[in-house]
Amino acid sequence: ISRGTLAGWMIRVAKACDLLIDLIIEEIRSGPIVNMDETTVQVLAEPGRANTTKSFMWVARGGTPGKPVVLFRYHPTRAGCVASEILGNFQG
């Protein structure tokens, strides 16, 4: 299996999981607190970016106390759009 084919499969699977991700985000927002953090990751073969460029893996944790839900999201920048997408109109 070539890397391009495997990457294509991963992209198709991710798109197929959009509804599931929306449900996970809804569950994260359902609890009283949402914890979020981002950490740098290095992607070696990302189109249009040097392999020394830092990207970010965001993690969000929330949901019902005692039954936390965790979501990881990749983003090429530290932009707050990931946090905004996950938090939405979170009222806690």
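Checking the structure you have, find out if any residue of the range 4-14 is within 14 Å of the chain's Cα centre (by Cα), modelled with pLDDT of 90 or more and not β-branched (Val, Ile, Thr). The answer is no; no qualifying residue exists. Determine, yes or no, whether residue 46 is charged (D, E, K, R), touching a Phe, Trp or Tyr at 6+ places or on another chain (Cβ under 9 Å) and within 23 Å of residue 79 (Cβ to Cβ). Taking the combined requirement at face value, the residue does not satisfy it.
The number of residues in the range 49-76 that are touching a His at 6+ places or on another chain (Cβ under 6 Å) and of a type in the set (Val, Ile, Thr) comes to 0. The criterion of being under 18 Å from the mean Cα position of the chain (by Cα) and surrounded by 14 or more Cβ atoms within 10 Å (Cβ to Cβ) holds for residue 63. Inspection of the range 50-57 finds no residue satisfying the criterion of being open to solvent by 60 Å² or more (accessible area, probe 1.4 Å) and on the phi > 0 side of the Ramachandran plot. If you go through the range 23-44 and keep only what is among the acidic types (Asp, Glu) and open to solvent by 80 Å² or more (accessible area, probe 1.4 Å), you end up with 26, 37. When residues in the range 42-83 are screened for being modelled with pLDDT under 90, among the aliphatic types (A, V, I, L, M) and farther than 21 Å from residue 32 by Cα, 5 of them pass.
Matching residues to (1) outside any loop (DSSP other than H, G, I, E, B); (2) among the β-branched types (Val, Ile, Thr); (3) without any contact (Cβ under 8 Å) to a residue 40 or more places away in the chain:
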| residue | (1), (2), (3) |
| --- | --- |
| 7 | yes, no, yes |
| 10 | yes, no, yes |
| 13 | yes, yes, yes |
| 27 | yes, no, no |
| 36 | yes, no, no |
| 40 | yes, yes, yes |
| 46 | no, no, yes |
| 49 | no, no, yes |
| 57 | yes, no, yes |
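Among the residues making up the range 8-22, those that are surrounded by 11 or more Cβ atoms within 10 Å (Cβ to Cβ) and within 16 Å of residue 86 (Cα to Cα) are 17, 21.
The values are calculated or read from the model by the stated rules, or taken from the named source; none is laboratory data. Keep in mind the model is a prediction, meaning the values are calculated, not measured. As a convention, Cβ positions derive from the backbone with ideal geometry for all residues, glycine included, and neighbour counts pool all protein chains shown. Just so you know, the surface numbers come from the protein's heavy atoms only, side chains and all, with ligands and any DNA or RNA stripped out. Shrake-Rupley method; radii C 1.70, N 1.55, O 1.52, S 1.80 Å.
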